[in-house]
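Here the structure is laid out as structure tokens; the discussion comes afterwards.
Values in this text are rule-based calculations from the coordinates and carry no lab data. Model, not experiment: these values are computed from the prediction. Heads up, the Cβs are rebuilt from the backbone with ideal geometry, glycines too, and the neighbour counts pull from every protein chain shown.
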Amino acid sequence: MSATTTTLAERYVHAVTRQLPEEQRADVADELRASIADRVESLLEERPDLDPHAAEREAVAELGEPTTLAGAYTGRRLQLIGPEVYPAWERTVRAILLVAVPVSTLAFAAVQVALDEPFGEVVGGAVWVALSLVVHIVFWTTLVFVLVERGGATDSVRESLDVDWSPDDLPDAPQRRGSLGDLVATLTFQALLAGLLVWQQVRPPLSLDGVDVPVLDPDLWRSWFPVILVLLVVEAGFEVVKYRTGGWTTRLAVANVALGALFALPFVHLGLTEQLLNPDAVLAIQQDWPGFSSDTTHGVVALVAVAIWLWDSVDGFVRVRRAQGAPTL
């Protein structure tokens with residue numbers, strides 16, 4: 001065997017054995033050398049025209065990546081998180097993300113709006129906070145589960161992290177019918193929202209110089225308010241369809257995202273353009289509360305509308321997974 005070929009074999013043997021405990025290295029090295037030599041001889045017999053250097057390279061390549069082979073000898077895990085703890089890790093990360101990120105981001109944005117920061121800076125800061133939270137949550141949660149899996153955690157720690165599965169963790173069977181309680185609650189809320197929109201116009205709750213004034217700009221009844229009322233009717237129809245369908249499906253979740261965006265759009269637009277509040281109502285409020293800022297209120301309305309849409313959209317897909325029997329939070 002030539003020097004080049006021997007060097008290739010020895011390089012491979014070294015790459016494998018340096019990752020093994022000292023007491024294993026000699027035996028494994030002899031085994032690998034013999035295996036490579038036998039395979040080279042076999043290849044040359046099968047293909048007489050094959051160059052010995054090529055045969056040596058092919059034999060080494062067939063053994064695979066040195067770290068993988070070394071892991072097979074030692075039984076060392078070559079993944080960050082194995083299948084035993086992955087489901088619990090996924091549940092934990094998803095639960096924390098769905099609660100911590102929206103709440104913290106919305107709180108940060110609300111504080112920035114209250115401080116009269118420019119809207120662009122509020123949005124940019126909120127996005128940065130959300131991304132930072134995602135990175136930190138995923139990193140630190142993953143680190144905890146790596147230590148649990150590799151460090152031999154106690155039974156109490158494993159139980160607290162819900163690592164060990166049991167039949168009690170099985171999800172409920174999918175229901176054939178949507179929830180009547182959810183339908184009634186949602187329709188009631190939508191009816192109240194429509195009623196409040198009309199009530200504040202016909203029975204203005206504020207007074208300026210002895211004249212009753214509505215909270216919201218009356219001019220919007222010639223533009224956005226009829227659209228909002230129509231969207232409320234469409235949303236009510238969607239809830240009825242969802243109930244009759246038997247609950248959430250992927251198509252209904254997608255439709256929910258679209259309808260939510262349409263419903264949030266007027267409030268976001270009116271908030272960003274500061275058209276939602278009645279100027280006379282702002283003056284009436286400032287008589288009793290001089291520090292009241294219509295700019296801040298409009299900004300909060302826009303942010304809340306976006307936050308509700310995002311939350312409702314995510315909740316729709318979570319309910320789809322639950323309805324289909326998939327693991328949920």
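With R₀ set to 25 Å, the beta-carbon distance separating GLN286 from LEU192 gives a calculated FRET efficiency near 0.35. Each residue of the range 13-24 was assigned a 3J(HN,Hα) from its phi angle through the Karplus curve 6.51 cos²θ - 1.76 cosθ + 1.60 (θ = phi - 60°); the sequence is 4, 5, 4, 7, 6, 5, 9, 9, x, 3, 6, 8 Hz, with glycine and proline shown as x. Computed extension length for ALA37-SER223: 58.5 nm, one decimal, from 0.36 nm per residue of separation with the Cα-Cα distance subtracted.
Here the simple spin-label model places points 7 Å from the Cα toward Cβ, and for VAL211 and VAL111 these points are separated by 4.2 nm. Simple spin-label estimate for LEU143 and GLU45 gives 5.6 nm between the two label positions (7 Å along the Cα-to-Cβ direction from each Cα). Roughly speaking, what % of Cα-Cα pairs in the range 177-312 are separated by over 17 Å, rounded to a whole number? Counting every Cα pair in the range 177-312, those more than 17 Å apart make up 66 percent. Maximal additional length on extending the THR67-ALA26 stretch stands at 13.1 nm, based on 0.36 nm per residue less the C-alpha distance. When the inverse distances between all different Cα atoms of the range 3-74 are averaged and flipped, the Kirkwood radius reads 12.5 angstrom.
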